[in-house]
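Engineer: Just dropping this structure here.
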Amino acid sequence: DIEEFINWKRLEEEKAKVLIKYGGLTSDFNGEAYQTVSGQNSNNSVRVTAEFLRRVKTDGDWDLIERSTGKVRKTVKARHLWRQIAEAAWACADPGMQFHTTINEWHTSPAGGEIRASNPCSEYLFLDDTACNLASLNLVKFYDDETGRFDIETYEHAIRIWTIVLEISVTMAHFPAKPIAQGSYDYRTLGLGYANLGSLLMRSGFPYDSDGGRAIAGALTAILTGVAYKTSAEMAGVLGPFPKWSENAESMLRVIRNHRRASYNESAYEGVSHYVMGINPDLTPAPLLEAARLAWDEALGAGERHGFRNAQVSTLAPTGTIGLLMDCDTTGVEPDFALVKFKKLAGGGYFKIANQSIAPALRRLGYDEGQIGRIVRYVAGTMTLEGAPHVNSESLRARGLSEGAIDRIEGTLPSVFELRHAFNVFVVGEDSLLEIGLKPEDYTALGFDLLAALGFSPGEIAEANDIICGMQTIEGAPGLRDEDLAVFDTANRNGRHGERFIHHVGHIKMMAATQPFITGAISKTINMPHEVTPDDIEEAYMMSADLGLKSMALYRDGSKASQPLSSSSDDAASDEDEETVVLALEREKAVAWGEIMSAASPTQAYSNGHRRPRFLLPAKRQGWTQEARIGGHKVFLRTGEYEDGTLGEFFIDLAKEGATLRGVLSCFAIAVSKGLQYGVPLEEFVDTFTFHTFEPRGMVEGHPNIKMANSIVDYIFRVIGLEYLGRTDLVQVKPQMSSLPEPPKGLAAETGIQLDLTEAAMEKDIAMEAKAARFVDAPDGHGPGTPAAAAVKQSIPVTAGDVATASVQSALADMMGDAPLCPTCGHITIRNGTCFKCLNCGDTTGCS
């Protein structure tokens, strides 16, 4: 069944693509297409031995053995199996590879059996029924940008402290099963690692894909594991070695000697059948080289005297969550992913910045402050209209835009990736567009381009965009020497003008430089462009084996149909409607009530005989009931509607929760219902109560569009916002157009809202944080409008934060191809190891 396993996810992926293309199903990974097929919640890997790889190279035969009987079931060409693996990985990124012989040649405890498996991300490779806690150090914190010196002494001190902390955690840990607890106690494995290697190399002026960069990475990794093992041996001298030490002592000391040999870049190793990339002494800074060799000398000596307290001490994990908490620019052993990034502001929204490693790197390379300023402006843009060609304050003023509109555009520019994102009805304002002669049917039309409507040509827009928003690549920057370009290479092409990126061979070689000094393995996915072939996949896997990697996973951009976001942003046609697609409609009703609206407070407003109007629901009314489970708890939401279909009340029923919570939620529902009947806009309730977090919370079962909720209250108002306001920005799976609720009677005609905008937004699957598809409340609104009141429709502009959020989503979509949305907050994620990491909230799809 090995052939079935190899092709399992590829065939299932093809089924999903057919369902999406011809069945009209959504491409969301939580949608019916992917729910219908199997294998989508697993990371599959195939283990191969050195003998199998030898037969691939010689085109030899390979026997397929029945596990239960040991008989040969079938004989195939090894190269045929190898090709199937490559074609399957090309098609759907699975299976990854684990190199069984290499893994077990570096096994510190073979008396306990072979290492047969790993965790899903493949950094923890050890015996079955064992576990380890992960911890990582931020390498940049030990580097001084001013002096260019790496503080080895402090780095070693941090390694010692964290080795002790992780050892304590083994004793203090709770485990899910007795065998795992026993195995972890017997071997006491640790998972110390680091993060921010890519940023450190850029800041120090070394290209990630260079022999010098790899030498530094190897030395830092050697110090990490060598000092950790030395500390482990010292603890063994006091507390005793791990319980299974005596039966594994000879094997473990052999592995320690091989680690030491790699630090000295020796050519001969004990019991190792593959090439080992040691530290290149000619390219490694002398202090790092000396510290690395000393660490392994001392680790071996202390281990021979005392044994070791821990069978393993290090892994290189994805560091997605802790990397965000430590303010790391890069995770694990990864390079940087972009030269233009964004910072989330404490008050909401984003601010675009050039990668904070660019300026230190340029200083280290000898550029002066004036040159650095020009290069950074070239990359990130001026972020102002002042001095810009063609599109500037003067030209906009000459075309009739008001000072207020120009000021709003200016305030939005620091947070957008494309100039068009700042030129739209939500920033400029309807009044300003009407003043220059545009009609609502013009600026609400799909594909409307305000800059073009103002008379700017495509060439003028492009030139202004490059100056104001930046080239988003360092290629072609003024004064940058060609020989320095490689220092700024990243995992992806940068911007619409960038061509350079780190070749997959560079990723593999970096893993090979660090693997000889890691007792576990490395969690890292080799990103490959869409145009690579299965031949390239074969070569990448074979190179990984030849260079001594223990495991390897790769991902060809665009190989999965889930979340199909274009990785190319240079299609002019798509640019023209980008802000229509990404930025959604937002309006809010404002009703003028004369004396009531001019009062200083509600008490004063109703003190002169004005009666608070309440709109009662009919005795027999329509509504619906929605059943769902939130974090395993069953919840029923029941609604009552006015005759025009707007919401007038709702009730919350819980199946099993205690009387207190049931009572509180029941009273809460009654209070909100009374507020609706007395005229509180439904939007206010939805905006106020969504995203409130408390238990029970988590996965939502039973609702087709909402898959995660932060609390019962959050879930209730996500449902209500979707059903009555068309708030598709609050759900994880966008509904099909046919399932979107119609606006209340008379609402669309009165407000002029066109559903095609909402449809366009959903077809592009815009980010949930964009305020999408919100309906305007007419005077008869959601029920409690007052007949005597004069209805005044106001357009409230989207804030710069909203525009920035949408712009960030668009930029990430360009850089990360088909990355899924974050299941917690809806932000687009970036690839992190074999999983995805959210740069907004720090959540991951499986990696820590």
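A short reminder: the numbers here are calculations on the coordinates, not readings from a lab. Predicted, not measured: the structure shown is a model, and the values here were computed from it. Methodologically, a virtual Cβ is constructed for each residue, glycine included, from the backbone with ideal geometry; neighbour enumeration extends over all protein chains shown.
Engineer: Kindly write out, for the stretch 451-465 in residue order, the coupling ³J(HN,Hα) from the Karplus curve 6.51 cos²θ - 1.76 cosθ + 1.60 (θ = phi - 60°), rounded to whole Hz, with x marking Gly and Pro.
Structural biologist: 4, 5, 5, 7, x, 7, 7, x, x, 5, 5, 5, 5, 5, 4
Engineer: Hey, another quick one. Check which residues have an amide H placed less than 5 Å from Val46's amide H, if you skip close sequence neighbours.
Structural biologist: Gly96, Met97, Gln98
Engineer: Let me know the shape class of the stretch 65-183, please: from the alpha-carbon gyration tensor, a ≥ b ≥ c as square roots of the eigenvalues, rounded when a/c is under 1.5, otherwise prolate if a/b is greater than b/c, or oblate.
Structural biologist: oblate
Engineer: Something else now. What's the extension gain from Ile670 to Arg305 if we count 0.36 nm per residue and subtract their Cα-Cα distance?
Structural biologist: 124.1 nm
Engineer: Report the local net charge at Leu485: Lys and Arg +1, Asp and Glu -1, summed over other residues whose C-beta lies under 11 Å from its C-beta.
Structural biologist: Computed value for this residue: -4.
Engineer: Related question: May I ask for the distance between the Cα centers of the stretch 213-255 and the stretch 516-541, given as a whole number of Å?
Structural biologist: If you average the Cα positions of each part, the centres end up 27 Å apart.
Engineer: Right, another one. Determine the shape class of the stretch 620-662: with a ≥ b ≥ c the square roots of the Cα gyration tensor eigenvalues, call it rounded for a/c under 1.5, and otherwise prolate if a/b is greater than b/c, oblate otherwise.
Structural biologist: prolate
Engineer: Just how many % of Cα pairs in the stretch 613-734 lie over 18 Å apart, if you round to the nearest whole percent?
Structural biologist: Cα-Cα pairs of the stretch 613-734 separated by over 18 Å account for 49 percent.
Engineer: What ranking do Met699, Met326, Met235 get, fewest neighbouring Cβ atoms within 10 angstrom at the top?
Structural biologist: The most exposed by this proxy come first: Met699, Met326, Met235.
Engineer: Also, I was wondering about something else. Among Arg309, Arg621, what is the fewest-to-most ranking by other Cβ atoms within 10 Å?
Structural biologist: Lowest count first: Arg621, Arg309.
Engineer: If you rank Glu290, Glu234 by fewest surrounding Cβ atoms within 10 Å, what's the result?
Structural biologist: Glu290, Glu234
Engineer: Next question, about the same structure. Tell me the GluC sites (Glu not before Pro) within the stretch 426-503 that lie in a loop according to DSSP and have at most 12 other beta-carbon atoms within 10 Å.
Structural biologist: Numbers: sites: Glu430, Glu435, Glu441, Glu460, Glu463, Glu475, Glu483, Glu499; in loops: Glu475, Glu499.
For GluC sites (Glu not before Pro) across the stretch 426-503 that sit outside H, G, I, E and B with at most 12 neighbouring Cβ atoms in 10 Å, the list reads Glu499.
Engineer: Another question about this same structure. When the Kirkwood radius is taken over all Cα pairs of the stretch 173-252, what Stokes-Einstein diffusion coefficient follows at 37 °C and 0.692 mPa s, in µm²/s?
Structural biologist: 212 µm²/s
Engineer: Based on alpha-carbon positions alone, could you give the equivalent ellipsoid semi-axes of the stretch 115-325 from the gyration tensor, as √(5λ), descending, whole Å? Working shown, then result.
Structural biologist: Details: eigenvalues 155, 82, 53 Å².
Listed largest to smallest, the semi-axes of the stretch 115-325 are 28, 20, 16 Å.
Engineer: Compute the distance from the alpha-carbon center of the stretch 437-476 to that of the stretch 163-181, in whole Å.
Structural biologist: Value for the Cα centre distance between the two parts: 58 Å.
Engineer: What are the residues whose amide H is under 5 Å from the amide H of Lys634, where those residues sit 5 or more places off or on another chain and H is modelled from the backbone?
Structural biologist: Here the answer is Ala655, Lys656, since their amide H atoms fall under 5 Å of that of Lys634.
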